[in-house]
Amino acid sequence: MKYQILLIGGNGFVGRVLARKLQTAGYSVLLPTRHLAAARDLRLLPNIHLQEADVNQAQVIQALCSQLTEQGAVINLIGMLHDRPAQPYGKFFQQAHVDLPRNIIAAMKANKLKRYLHMSALGADTNGPSMYQRSKGDGEKLVKESHLDWTIFRPSVIFGAEDQFINLFVKLTKIFPVIPLAHSTALFQPVSVDDVATAFIQSLQRPQTIHQVFDLVGPEIFSMADLVRFAARKADAPGWIIPLPAAIGYLQALAFEYGPGPILMSRDNIASMRLPNVLPSNGRDALTLDFGLARKRLESMLT
């Protein structure tokens with residue numbers, strides 16, 4: 001069987017929402033995952049075919065692309081938030097944000113495929129202050145130079161029922177009545193996962209989105225402190241905040257990096273927050289102007 005869509009990263013937060021929208025739109029989707037058991041709910045979608053695969057291997061990407069129709073499209077949602085310090089970035093950012101797009105581009109060309117939708121990030125910049133931003137910027141550069149029919153999406157922080165950002169603070173505010181918070185004034189423009197997924201779907205159907213880069217943002221700007229207070233409201237918890245000086249915040253991030261358990265905040269995250277994660281002053285509100293969406297507000301998470 002030949003598929004219309006190869007959805008790389010389809011078992012993640014954004015991918016699960018997009019997979020369901022692709023199913024509703026009638027697309028046949030090939031969704032590779034290293035953990036079939038973790039995607040058991042997606043098996044119930046009749047147009048979604050799960051295949052156990054490690055997409056970090058170039059030959060695997062080649063094999064996956066060979067299963068698409070001639071007019072098929074590849075969607076890449078893979079992204080990582082943390083890595084060990086290195087220049088210009090660590091090996092995990094290199095693998096996920098640079099090597100993977102390079103392998104996808106090569107595999108698409110080998111299989112005579114043209115349509116490629118690429119998830120980047122607001123603030124991606126080859127010369128950015130953080131490893132994350134630099135690696136995302138280098139990935140974008142590869143896509144733009146690929147000669148494929150590409151579209152790049154650059155969202156701010158994405159929120160939704162299963163996100164790992166707002167919901168992390170919800171969990172923390174339930175446990176700790178007082179939150180020591182580094183870079184409490186850092187700015188974000190959170191965007192709904194449903195709106196992001198809708199932009200991907202529309203782009204598949206609209207040739208005018210080819211060779212376009214779309215900044216995806218929500219209708220409101222929040223500080224980090226605002227987001228923690230919102231999470232506390234959602235958790236029905238106090239959510240008292242103690243802003244930390246930059247130096248203490250740096251030490252806190254260092255402790256998170258090398259401590260047990262998942263990394264809540266890294267030094268590279270702090271470097272990213274030096275720049276507001278909001279629509280640039282000369283930017284275009286793509287969700288409203290190009291995709292005609294009435295963007296969802298963060299408050300929608302409370303209903």
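None of the figures in this text is laboratory data; all of them are computed from the coordinates on show. This one's a predicted model, so the numbers in the text were calculated from it and none came from an experiment. Here the Cβ is made from the backbone with ideal geometry for all residues, glycine too, and neighbour counts use every protein chain on show.
Listed values, structure above:
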item: Excluding exposed DSSP-loop GluC sites (Glu not before Pro) (at most 15 other C-beta within 10 Å), longest clean stretch of the chain; result: 1-144
item: Dipole axis of the stretch 1-100 (+1 Lys, Arg; -1 Asp, Glu on Cβ), positive-most option in 12, 95, 69; result: 12
item: Members of 21/136; 91/171; 91/141; 21/114 lying beyond 28 Å, as alpha-carbon distances in this model show; result: 91/171
item: Among 128, 90, 26, residue whose mean-square fluctuation peaks in a GNM of the chain (springs only between Cα atoms under 10 Å); result: 26
item: The chain: angle of helix 193-205 to the longest principal axis, Cα-based, in degrees nearest 10; result: 20 degrees
item: Taking the stretch 5-129 and dividing mean pair separation by its residue count, relative contact order in percent (alpha carbons under 8 Å, at least six apart); result: 25 percent
item: Ordering of 56-62, 39-45 by burial proxy (mean other Cβ atoms within 10 Å per residue, highest first); result: 56-62, 39-45
item: Helix-only CD estimate at 222 nm, as mean residue ellipticity for the chain, using -39500 (n - 2.57) per DSSP H run (n ≥ 4); result: -10000 deg cm²/dmol
item: About the Cα centre, charge dipole magnitude for the stretch 85-239 (Lys/Arg +1, Asp/Glu -1 at Cβ), debye; result: 400 debye
item: For the stretch 230-303, size of Cβ-based charge dipole, Lys and Arg +1, Asp and Glu -1, in debye; result: 160 debye
item: Angle in degrees between helix 131-144 and the longest Cα principal axis of the chain, rounded to the nearest 10; result: 20 degrees
item: Acute angle (nearest 10 degrees) that the helix 100-110 long axis makes with the longest principal axis of the chain, alpha-carbon atoms; result: 10 degrees
item: Fraction of antiparallel bridges per DSSP, the chain only, in percent to nearest 5; result: 5 percent
item: Residue among 200, 214, 291 with the largest mean-square fluctuation in a Gaussian network model of the chain, springs linking Cα atoms under 10 Å; result: 291
item: Net charge dipole size for the chain [Lys, Arg +1 and Asp, Glu -1 on Cβ; Debye, nearest 20]; result: 320 debye
